[in-house]
Amino acid sequence: MLSKRTIIGLIVGTAIIAIGGYSLLTHIGTITIQEDYTLSVGDSIPYTIPAPAHTQQYMKITGDAFDLKLQSPGEGLQIPNTSYKNELDLDWVHLEDGETKILVQNTGNSEISITGELIRSSDPIWFTFDLMVITSGMVIIGFSMGFTLRKPKGF
């Protein structure tokens, strides 16, 4: 017969393993990010987008005046530091695996809005984190099974 603590440990451990497994599956492959950001007057923001080959990227920048510098891997889209006014639509494809680097500087008298859909590679650290969560669930189940074998003094 399983004790009450063992049953609770099994339920909690199984739930933690399920959460870690689901997270592991969602972190495999590419991640789509919906960007919606407002940049104050005089501020700048750098973007680094690591992505596999043949991924479509889109960004729209709207504002009074701004500078933009973009470097895409390989022979992809390259924009030297250039000034823009009102609106800019960027639509490009990563031709090779690598990082696109974007620097947006607000040089106008009002805030600028940055929106877009960016597809990036998953960060490998999340794989390790998900494995740690799954391992934690196994440890909880293991400790709770110890209560079935024998009850320690004081319990």
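Filter the range 51-82 down to the residues that are within 23 Å of the chain's Cα centre (by Cα), in contact (Cβ under 8 Å) with a residue 40 or more places away in the chain and open to solvent by 30 Å² or more (accessible area, probe 1.4 Å) and list them by number.
Scanning the range 51-82 gives PRO52, ALA53, HIS54, GLN56, TYR58, LYS60.
Would you be able to tell me the number of residues in the range 12-39 that are among the aromatic types (Phe, Trp, Tyr) and either in contact with a Ser or Thr (Cβ under 7 Å, 6 or more places away or on another chain) or in the same structural domain as THR115 (by the TED database) (or both)?
Going through the range 12-39 one residue at a time, the tally reaches 1.
Taking GLN105, is it without any contact (Cβ under 8 Å) to a residue 12 or more places away in the chain and either under 20 Å from THR38 (Cα atoms) or open to solvent by 30 Å² or more (accessible area, probe 1.4 Å) (or both)? Reasoning before the result, please.
On the way: without any contact (Cβ under 8 Å) to a residue 12 or more places away in the chain: no; either under 20 Å from THR38 (Cα atoms) or open to solvent by 30 Å² or more (accessible area, probe 1.4 Å) (or both): yes.
No.
Any idea which of (1) in the same structural domain as GLU111 (by the TED database); (2) of a type in the set (Gly, Ala, Ser); (3) in a helix (DSSP H, G or I) is the one GLY42 doesn't satisfy?
Failing condition for GLY42: (3).
Could we say that GLY137 is assigned by the TED database to the domain that holds LYS4, free of Cβ contacts under 8 Å to residues at least 12 places away in the same chain and assigned to a helix (DSSP H, G or I) here? Show your work before the answer.
Details: assigned by the TED database to the domain that holds LYS4: yes; free of Cβ contacts under 8 Å to residues at least 12 places away in the same chain: no; assigned to a helix (DSSP H, G or I): yes.
Considered against the rule, which asks whether it is assigned by the TED database to the domain that holds LYS4, free of Cβ contacts under 8 Å to residues at least 12 places away in the same chain and assigned to a helix (DSSP H, G or I), GLY137 comes out as no.
Name every residue in the range 19-39 that is surrounded by 13 or more Cβ atoms within 10 Å (Cβ to Cβ) and either free of Cβ contacts under 8 Å to residues at least 60 places away in the same chain or in a helix (DSSP H, G or I) (or both), in order of residue number.
Residues satisfying the conditions are ILE19, GLY20, GLY21, SER23, LEU24.
The values are calculated or read from the model by the stated rules, or taken from the named source; none is laboratory data. All of these numbers come straight from a predicted model, not from anything done at the bench. Note that we place each Cβ from the backbone using ideal geometry, even for glycine, and neighbour counts take in every protein chain shown. Accessible surface is based on the protein model in full, side chains and every heavy atom, while ligands, DNA and RNA are left aside. Shrake-Rupley method; radii C 1.70, N 1.55, O 1.52, S 1.80 Å.
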